[in-house]
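Right, one structure below, let's go through it.
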Amino acid sequence: MTSLDTAAAVTTPPESGPRPARRQGRAPARDLNGAARFRPWWMPWLWLCVPIGVVAAFYLYPFLNIAFLSFTDASPLSGKGDFVGIENYEYVLSDPDFWNAVLNSLVYAVCVVPIIVILPLLLALLVKDRVPGIGVFRALFYVPAISSTVVVSLAWTALLKDNGSINNLLMNVGIIDEPLAFLTGRWFLLFSAMAVTIWQGLPYYMIMYLAALSNTDRSLYEAAAMDGAGPVRRFFTVTVPSVRVMMTLVGVLSMIGSIKVFAEVHLLSNGSGGIGGQSETLTMYIRAVGLDPTYGSLGQGSAGSVFLFLLTLGLLILSQRLDRKAEEQS
């Protein structure tokens with residue numbers, strides 16, 4: 001063998017065969033750090049037992065129990081009854097008061113959700129800049145969100161009653177000749193409750209938008225300004241796309257809250273739901289039908305609750321499909 005052959009043999013690495021496939025599963029102990037080396041394989045599952053138990057006890061079991069009670073003639077006091085099939089669903093779906101409550105809840109959601117999605121975003125744009133004293137304004141704007149719904153509703157009741165401040169102001173200015181039925185008229189009561197919901201929800205969703213806006217690249221605004229885009233165009237071309245995910249989340253949360261609204265309408269109407277219950281929402285109907293100790297039926301109330309769940313689920317699926325279609329078209 002010549003010296004050249006010897007050098008080539010030394011410098012050329014030996015050909016290696018195919019590497020054996022690495023076994024899938026738990027990582028070897030040498031790949032783990034710290035206490036993870038000595039942790040048994042079942043430890044992560046042990047930490048999951050508590051949250052799974054909480055979900056099962058406080059969410060899954062009540063839902064399954066409500067679904068079961070909807071097929072019985074259980075009473076509010078005993079909580080037990082015999083199996084009656086779909087009689088409760090037939091009664092609920094043939095009750096005009098039920099469909100009136102469904103209409104009120106849908107109108108409530110249709111009116112509240114668009115305002116809740118847009119108005120907090122505009123408010124967040126006003127207070128997002130770091131200027132002296134802006135923290136005080138943010139704190140003042142957030143006061144309605146931390147206030148009790150009962151206290152807020154009682155305060156608005158004092159303002160909206162027949163001899164309240166709003167009616168007196170409108171009559172003194174000459175806009176109206178007699179007090180408006182803010183707390184008794186069907187649509188007046190619903191729109192008054194919507195105003196309370198929007199006023200109390202604005203600061204909460206404003207904080208969520210502030211978090212989303214803080215992650216927006218400011219260079220995008222600078223580039224849009226250099227291209228001659230004004231404030232309105234920058235809002236639609238930069239701000240809205242950057243917070244689209246947050247807008248979807250706000251829309252979903254506000255829609256769920258609007259469909260199951262109860263406290264605002266109940267407190268403003270003093271528990272009556274307006275004259276003849278015309279402003280009653282779906283949750284108020286479920287409570288009246290299912291928990292009345294004299295004439296109530298827990299089975300019928302449970303059937304209404306199942307319908308509320310299906311309605312909310314259907315609206316969530318519809319909103320997700322519309323959002324996905326909007327993203328594909330953009």
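Values as computed for the structure displayed
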| quantity | calculated |
| --- | --- |
| Axial C-alpha extent at least 24 Å, average Kyte-Doolittle at least 0.5 - helices from the chain (DSSP) | 96-127, 186-213 |
| Computed FRET value (nearest 0.05) for Phe63 with Asp227, which takes r as the C-beta separation and R₀ as 51 Å | 0.45 |
| Ellipticity estimate at 222 nm from DSSP helix runs (n ≥ 4, -39,500 (n - 2.57)) divided over the chain, nearest 500 | -20500 deg cm²/dmol |
| Within straight-line cross-link reach of Lys161, aspartates and glutamates at Cα separation under 17 Å, skipping those fewer than 8 residues along the same chain | Asp177, Glu178, Glu264 |
| Zone residues, the stretch 197-237, relative to Ser147, backbone N less than 12 Å from point 7 Å out along Cα-to-Cβ | 197-203 |
| Sequence of Asp292, Asp82 from largest to smallest accessible area, 1.4 Å probe | Asp82, Asp292 |
| Accessible solvent surface per residue of the chain, calculated while the other protein chains remain in place, 1.4 angstrom probe, Å² | 64 |
| Projected-area average for the chain over all orientations - Cα convex hull basis, square nanometres | 34.5 |
| For the stretch 79-189, size of Cβ-based charge dipole, Lys and Arg +1, Asp and Glu -1, in debye | 780 |
| Cross-link reach list, aspartates and glutamates versus Lys260, counting only Cα pairs under 12 Å and skipping chain neighbours closer than eight places | Glu280 |
| Apportionment of accessible area to carbon and sulfur, the stretch 220-291, percent (1.4 Å) | 63 |
| Rg followed by Dmax, in Å, when the stretch 114-247 is reduced to its Cα trace | 19.1, 55 |
| Positive-end extreme of charge dipole, the stretch 219-321 - chosen from Met246, Leu267, Gln300 (charges on Cβ) | Met246 |
| Amide H contacts under 5 Å for Thr72, placed H, 5+ residues apart | Val84 |
| Student exercise, the chain dipole from Lys, Arg, Asp, Glu Cβ charges, in Debye to nearest 20 | 1440 |
| Residue range of the chain that is longest and free of chymotrypsin sites (Phe, Trp or Tyr not before Pro) which are both DSSP loop and sparsely packed (at most 12 other C-beta within 10 Å) | 43-294 |
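The values are calculated or read from the model by the stated rules, or taken from the named source; none is laboratory data. Given the structure is predicted, the values throughout are model-derived calculations rather than measurements. Every residue, glycine as well, gets a Cβ built from its backbone with ideal geometry; the counts of neighbours run over all protein chains shown. When the accessible area is computed, the model is the full protein with side chains, heavy atoms only, and any ligands, DNA or RNA have been set aside. Shrake-Rupley method; radii C 1.70, N 1.55, O 1.52, S 1.80 Å.
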